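Report on one structure; see the data block that follows.
The values are calculated or read from the model by the stated rules, or taken from the named source; none is laboratory data. Quantities reported herein were computed from a predicted structural model and do not represent experimental measurements. With ideal geometry, Cβ positions are generated from the backbone for all residues, glycine too; neighbour counts draw on all protein chains shown.
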Amino acid sequence: MRFKRIFATIGLVSAAALALSGCASGSPSESESTPVAEGVTLEGSPTFDKMQERGKVVIGVKEDQPNLGYFDNVTQERSGFDVDIARWVASSLGFDEKQIEYKPIASANREQAIVNGDIDYYVGTYSINDKRKELIDFAGPYFVTGQGLLVKQGEPDYQSLEELEGKKVCSATGSTPIQNIKENFPGIKTEEFDLYSACVDNLKNGQVDAVTTDQAILIGYAAQDPDKLMVTTGPLLTTEEYGIGLAKGDDVLRGHINEMLTDGGDTWTEIFDKNLGDSGITVDQPKVNAY
């Protein structure tokens, strides 16, 4: 997948705010859900066997990423692009919304949750990389983005990480962006929290100078508070492929999800349009790789 159009001006971020704030919905109605598959058999998948034995699927998710993986404490509704991808996978395996248990898992704990069998799979801005593949497997990718920067309105429109020399940048503990800064930009101070929302709060309070993570996540936060926050207009700093994390060696389940993604282009587009279609970014569904 390639980005066909990225924010060219700060104004585009603000312009997308109203559209984004309206596109996050709660649990889907029957008419909005993808059809639940019947008679699914995945011979040789220990993860699927566990799902069938317990009569439900347990999915690891994020809860603090608007329009991607978000849980509204007031309405008790769960929404976002990643959440709907997770629901799509569950439907393809024969499970409806009532048979899904969502478990919020912080970035630093994702691999261990999969290894321990605490969750059946994880969908939550989970970048595929070689270090993680030593412990788990990935299906996908189902989305491709890149590292960007979120700053307060009125701050410099940084075009590169080098311009943040001596500044303090925040990201989630264990995330790919914070590891990139630590390894390649020792002159930048770092702050880490379990949740990106804590980074955003510290940015608003002036405790950090910027928040960095995948641009898709930052757009959601900028849209929530466009008068205070903006995504910088510089080029993406990395390329990140989002995958669906699952138990290492479960090739049957991985193959099933990859086939679902490959054959389900229309469904993918509907999910994207529903959650991120008005964000100012136009994308193609990425080609699935044999991870």
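Looking across the range 276-291, just one residue is aliphatic (A, V, I, L, M), under 20 Å from D251 (Cβ atoms) and at pLDDT below 85, and that is A290.
S171 meets the conditions (1) small (G, A, S); (2) outside the structural domain of Y196 (by TED's automatic domain parsing); (3) crowded, with 23+ Cβ neighbours inside 10 Å in every case but one. The failed one is (2). The condition (being among the acidic types (D, E) and within 17 Å of the chain's Cα centre (by Cα)) is satisfied by just one residue among E241, E259: E241.
I'd like the full set of residues that are assigned to a loop (DSSP other than H, G, I, E, B) and without any contact (Cβ under 8 Å) to a residue 60 or more places away in the chain, limited to the range 157-168. Correct list: E165, G166, K167. Just one of (1) among the hydroxyl-bearing types (S, T, Y); (2) modelled with pLDDT of 95 or more; (3) touching an Asp or Glu at 6+ places or on another chain (Cβ under 7 Å) trips up T176, so point out which. Here T176 meets the rest and fails (2). Yes or no: V252 closer than 16 Å to D120 by Cα and out of contact with any Lys or Arg (no Cβ under 6 Å at 6 or more places or on another chain)? Here the answer is yes, as V252 does meet what is asked.
Per-residue answers, yes or no, for (1) within 19 Å of the chain's Cα centre (by Cα); (2) surrounded by 15 or more Cβ atoms within 10 Å (Cβ to Cβ); (3) closer than 30 Å to Q153 by Cβ; (4) aromatic (F, W, Y):
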| site | (1), (2), (3), (4) |
| --- | --- |
| K189 | no, yes, yes, no |
| C199 | yes, yes, yes, no |
| A210 | no, yes, yes, no |
| T213 | yes, yes, yes, no |
| A222 | yes, yes, yes, no |
| F272 | yes, yes, yes, yes |
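Screening the range 169-211 for residues that are aliphatic (A, V, I, L, M) and outside any strand (DSSP E or B) and picking the one that is nearest to F71 (Cα to Cα) gives L195. Residues in the range 87-105 that are in contact (Cβ under 8 Å) with a residue 60 or more places away in the chain and crowded, with 19+ Cβ neighbours inside 10 Å: how many? Number satisfying all stated conditions: 4. Taking the condition under 13 Å from the mean Cα position of the chain (by Cα) and of a type in the set (D, E, K, R), does E63 pass? So E63 passes the test. Among the criteria (1) surrounded by fewer than 16 Cβ atoms within 10 Å (Cβ to Cβ); (2) in contact with a Cys (Cβ under 6 Å, 6 or more places away or on another chain); (3) of a type outside the set (V, I, T), the one K287 does not fulfil is (2). Annotation: I181 fulfils all but one of (1) touching an Asp or Glu at 6+ places or on another chain (Cβ under 8 Å); (2) within 21 Å of P235 (Cα to Cα); (3) without any contact (Cβ under 8 Å) to a residue 40 or more places away in the chain; (4) surrounded by 15 or more Cβ atoms within 10 Å (Cβ to Cβ); the unmet one is (1).
If only residues of the range 113-132 that are farther than 19 Å from P46 by Cβ and not β-branched (V, I, T) are counted, the one that is surrounded by the fewest Cβ atoms within 10 Å (Cβ to Cβ) is D130.
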